[in-house]
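Only one structure is covered here, and it is reproduced in the block below.
The values are calculated or read from the model by the stated rules, or taken from the named source; none is laboratory data. Worth saying up front: this structure is predicted, and the values here are computed from it rather than measured. All Cβ positions, even for glycine, are placed from backbone atoms using ideal geometry, and neighbour counts span all protein chains on display.
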């Protein structure tokens with residue numbers, strides 16, 4: 001079986017508080033969430049976006 005190695009980078013950017021996605025943008029994000037009823041509410045794996 002071939003191993004998959006993720007590319008990970010540390011971001012030190014400071015983001016403004018109170019910023020959120022629009023209702024129009026949220027479905028794209030929610031489509032990548034893999035919710036499992038057996039896991040705690042905030043334990044949600046996120047599929048990576050398609051590689052370019």
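List of remarks:
- Residue check, residue 17 surrounded by 10 or more Cβ atoms within 10 Å (Cβ to Cβ), at negative phi and either out of contact with any helix residue (DSSP H, G or I) (no Cβ under 6 Å at 6 or more places or on another chain) or not in a loop (DSSP other than H, G, I, E, B) (or both): no
- Where a residue in the range 32-52 is within 15 Å of residue 4 (Cβ to Cβ) and its partner, wherever it lies, is surrounded by 10 or more Cβ atoms within 10 Å (Cβ to Cβ), with Cβ under 6 Å and at least six apart: 47/32
- Residues satisfying the stated conditions in the range 26-46, i.e. in a loop (DSSP other than H, G, I, E, B), surrounded by 10 or more Cβ atoms within 10 Å (Cβ to Cβ) and at pLDDT 85 or above: 32
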